[in-house]
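Notes to accompany the following structure.
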Amino acid sequence: MNNRLMTRIEQIHNKIQFSGTVLVEQGEEILAEASYGYANRAEQLNNQSGTRYGIASGCKIFTAIAICQLVEEGKISLDTHLKECLDIDFPNFNTNITIHHLLTHTSGIPDYFDEEVMDDFEELWVERPMYHIRRLQDFLSLFQQGQMTFAPGDHFHYNNAGYILLGLIVEQVSGLVFTNYVETRIFKQAGMMDSGYFALDSLPGQTAIGFIDREDGTWRTNIYSLPVQGGSDGGAFVTARDMVKLWKALTNQELLNEALTTQLLTPHVQDGDDDFYGYGMWIGKKNGGIFKYHVMGYDPGVSFHSGYYPSSDITLVVCANISSGAFDVMDEIEDELGN
């Protein structure tokens with residue numbers, strides 16, 4: 001363990017009252033590992049290194065890997081048009097939308113939750129209760145009849161609905177339910193044996209409940225704030241150790257061949273001065289070179305950040321069962337390690 005790093009993590013925890021698990025590895029060496037807070041506050045069950053956490057949009061990387069696996073198998077291509085690989089009618093969508101556009105958030109399709117103009121995810125479930133959202137098809141009514149917001153390829157605009165469509169493509173092309181595909185072809189292959197797409201109303205043991213803190217000091221769980229079961233745009237549960245396994249399997253080309261791994265890790269579109277997006281992940285640049293591949297996710301009762309730093313071979317995972325805090329911990333760790 002790196003004592004200085006552990007001290008910095010302890011200090012930021014004391015400042016923000018972090019609840020979750022932190023893991024930092026360099027190669028095969030663990031530089032830092034710590035867990036704080038409760039997985040179940042009512043029973044005062046502690047978060048532990050083996051606790052499973054929801055990671056919200058952090059699992060878009062799984063969807064991107066799944067699509068690239070199907071490309072590697074020759075069943076689709078990155079230039080395949082949406083209309084050619086999905087037998088669902090979208091009356092107002094541009095016919096030029098490709099899989100590449102969906103992967104890079106450049107499709108221009110309407111989103112069911114636009115994070116730049118909407119700030120309360122729970123509002124989605126007022127008219128359509130979250131307990132009806134268990135399959136990818138259940139999301140379609142939220143955006144299927146919508147109008148295009150810009151021409152495909154025009155620019156980057158983060159889009160959850162695009163990843164719902166990618167999941168539906170995985171289902172149609174592979175013949176498997178999306179969650180089953182990921183658990184079989186990605187989690188099992190990477191050795192992520194403790195991860196899965198668990199339903200909120202039937203969580204397995206050692207799974208952290210998400211907590212939403214109120215200003216008056218009280219709290220509630222997030223069971224009425226999210227779809228019952230996650231899918232291709234977010235909602236999987238992982239352990240910190242399993243997430244490290246994912247990065248290793250990906251960068252060691254155990255999930256995709258060299259060409260598709262490179263394609264997934266390529267900065268395809270720019271969002272800000274030094275922020276880029278590949279397939280299912282953000283890519284950070286410094287001094288003209290890539291210094292970090294990273295994924296993140298935020299939901300009510302969920303905050304998550306994980307990254308791989310190629311120059312130092314460091315992998316970082318911060319899982320939290322509260323609505324914020326993961327970024328603060330990651331930022332503190334990056335500052336200590338000089339990243």
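State yes or no: is Asp271 acidic (Asp, Glu) and either buried (at least 18 other Cβ atoms within 10 Å of the Cβ) or modelled with pLDDT under 95 (or both)?
yes
Quick check on the stretch 274-330: of everything there that is in contact with a Lys or Arg (Cβ under 7 Å, 6 or more places away or on another chain) and among the small types (Gly, Ala, Ser), which residue is farthest from Gln69 (Cα to Cα)?
Looking at residues that are in contact with a Lys or Arg (Cβ under 7 Å, 6 or more places away or on another chain) and among the small types (Gly, Ala, Ser), I get Gly284.
Checking Asn257 against (1) in contact with a Gly (Cβ under 8 Å, 6 or more places away or on another chain); (2) in contact (Cβ under 8 Å) with a residue 60 or more places away in the chain; (3) more than 22 Å from Glu29 (Cβ to Cβ); (4) not basic (Lys, Arg), only one condition comes out false. Which one?
Asn257 satisfies all of (1) in contact with a Gly (Cβ under 8 Å, 6 or more places away or on another chain); (2) in contact (Cβ under 8 Å) with a residue 60 or more places away in the chain; (3) more than 22 Å from Glu29 (Cβ to Cβ); (4) not basic (Lys, Arg) except (1).
Out of curiosity, is Gly325 at positive phi and either surrounded by 17 or more Cβ atoms within 10 Å (Cβ to Cβ) or modelled with pLDDT of 95 or more (or both)? Let's see the steps before the verdict.
Working: at positive phi: yes; either surrounded by 17 or more Cβ atoms within 10 Å (Cβ to Cβ) or modelled with pLDDT of 95 or more (or both): yes.
It is true that Gly325 is at positive phi and either surrounded by 17 or more Cβ atoms within 10 Å (Cβ to Cβ) or modelled with pLDDT of 95 or more (or both).
Tally time: how many residues in the stretch 274-289 are among the aliphatic types (A, V, I, L, M) and modelled with pLDDT under 95?
0
Could you check the stretch 28-46 and list, in sequence order, the residues that are at pLDDT 95 or above and within 24 Å of Tyr309 (Cα to Cα)?
Those that are at pLDDT 95 or above and within 24 Å of Tyr309 (Cα to Cα): Glu29, Ile30, Leu31, Ala32, Glu33, Ala34, Ser35.
Give the stretch 131-170 a look and list any residue that's crowded, with 23+ Cβ neighbours inside 10 Å and either acidic (Asp, Glu) or under 14 Å from Ile97 (Cα atoms) (or both), or say none.
The answer is Asn159, Gly162, Tyr163, Leu165, Leu166, Ile169.
Would you check which residues across the stretch 259-306 are within 15 Å of the chain's Cα centre (by Cα) and hydroxyl-bearing (Ser, Thr, Tyr) and list them?
Tyr277, Tyr279, Tyr293, Tyr298, Ser303, Ser306 - these are the residues of the stretch 259-306 that are within 15 Å of the chain's Cα centre (by Cα) and hydroxyl-bearing (Ser, Thr, Tyr).
Could you look through the stretch 12-37, keep only residues that are in contact (Cβ under 8 Å) with a residue 40 or more places away in the chain and either closer than 30 Å to Ser174 by Cβ or of a type in the set (Ser, Thr, Tyr) (or both), and pick out the one that is surrounded by the fewest Cβ atoms within 10 Å (Cβ to Cβ)?
Filtering first and then ranking leaves Ser19.
Exactly one of (1) buried (at least 20 other Cβ atoms within 10 Å of the Cβ); (2) touching a strand residue (DSSP E or B) at 6+ places or on another chain (Cβ under 6 Å) is unmet by Gln48. Its number?
It fails just one condition, (1).
Assess whether Gly175 counts as being farther than 22 Å from Ile88 by Cα and either in contact with a strand residue (DSSP E or B) (Cβ under 9 Å, 6 or more places away or on another chain) or not aliphatic (A, V, I, L, M) (or both).
In short, no.
So how many residues does the stretch 26-48 have that are among the small types (Gly, Ala, Ser) and in contact with a helix residue (DSSP H, G or I) (Cβ under 7 Å, 6 or more places away or on another chain)?
Within the stretch 26-48, residues that are among the small types (Gly, Ala, Ser) and in contact with a helix residue (DSSP H, G or I) (Cβ under 7 Å, 6 or more places away or on another chain) number 2.
Taking the stretch 196-247 as the search range and keeping residues that are among the hydroxyl-bearing types (Ser, Thr, Tyr) and assigned to a strand (DSSP E or B), which one is farthest from Arg185 (Cα to Cα)?
Thr221
Can you go through Tyr181, Tyr163 and tell me which one is modelled with pLDDT of 95 or more, within 11 Å of Thr63 (Cα to Cα) and in contact with a Lys or Arg (Cβ under 8 Å, 6 or more places away or on another chain)? Please lay out each step first, then the result.
Details: Tyr181 fails: in contact with a Lys or Arg (Cβ under 8 Å, 6 or more places away or on another chain).
Selected residue: Tyr163, the only one of Tyr181, Tyr163 that is modelled with pLDDT of 95 or more, within 11 Å of Thr63 (Cα to Cα) and in contact with a Lys or Arg (Cβ under 8 Å, 6 or more places away or on another chain).
The values are calculated or read from the model by the stated rules, or taken from the named source; none is laboratory data. None of these values were measured; they are calculated from a predicted model. All Cβ positions, glycine included, derive from the backbone under ideal geometry; neighbour counts span all protein chains shown.
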